[in-house]
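Please read the structure below before turning to the comments.
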Amino acid sequence: MGKTIIQQARGHGSFSYRVRRNAFRYKLQYARSLVGEGTVVKLFHSAGHSAPLAKIKVGEETFYIPACKGMFEEMKITFDNEVKDGNILQLKNIPVKTFIYDIESRPGDGGMFIKTAGSSATVSRIIGEKIFVLMPSKKEKEFNPNCRAIVGTIAGAGRLDKPLVKAGKNFYIKKARNKLWPRTSAVKMNAIDHPFGSGRGKRIKSKIAKRNAPAGAKVGLIRPSRTGRKKR
């Protein structure tokens, strides 16, 4: 009799595969209306995020963002046209070659891109109503000029400089974010544990997952454009 594969076990949830909800209690997004001046109330660590977070208070409203390099508590941030590290501005008010992060995908969505420790993007060029940003992947992406972003670079750039030393440390880092680690190649598993298991000499059987299959059952070829032997 077959066994539940690891993707299905994680989706079902158990003591082994359970997300730490406490680690994700801080939702990173901008306030609805950024008017006037904000104050950095607190800088702190979050288990669910690689970068240190900053709690910002604007009037009676508070929100959380990734802290920028050089940010400190009681620091004042503005939302007008002043280009200074930590300020939240619209892309149309940010000059070319400026480092930015936490960029909105659409105006008002609260910030979607560039939230990892030590990362930043650069305003590359402005062509009419189009603003192009050079992402960390070295690819340009087009944004709406009304999208908001934070000026500067995210703090925590030295996160990967220190070696983990022990496998157990990496295990607990991954566990806090419910990441599967260590990853095991499917073809190295037993036949009972995965459709690709055993392989009888590691000859992987080509399996096509159904397009409406749940996430746990999607193993093999996912939405292949073509199948079968290629004819010359």
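The values are calculated or read from the model by the stated rules, or taken from the named source; none is laboratory data. Everything numeric in this text was worked out from a predicted model, so none of it was measured. Note that each Cβ is placed from the backbone with ideal geometry, even for glycine, and that neighbours are counted across all protein chains shown.
Of note:
- Being closer than 18 Å to Gly111 by Cβ, outside the structural domain of Pro195 (by TED's automatic domain parsing) and not small (Gly, Ala, Ser) is not true of Phe72.
- The set of residues from segment 13-33 being in a helix (DSSP H, G or I) and either basic (Lys, Arg) or under 16 Å from the mean Cα position of the chain (by Cα) (or both) comprises Arg21, Ala23, Phe24.
- So Lys69, is it over 23 Å from Pro136 (Cα atoms) and of a type in the set (Lys, Arg): no
- Some residue of segment 211-220 being assigned to a loop (DSSP other than H, G, I, E, B), farther than 30 Å from Val35 by Cβ and in contact with a Ser or Thr (Cβ under 8 Å, 6 or more places away or on another chain): yes
- Applying the criterion of being part of a loop (DSSP other than H, G, I, E, B) and among the β-branched types (Val, Ile, Thr) to the residues of segment 1-12, the residue that is surrounded by the fewest Cβ atoms within 10 Å (Cβ to Cβ) is Thr4.
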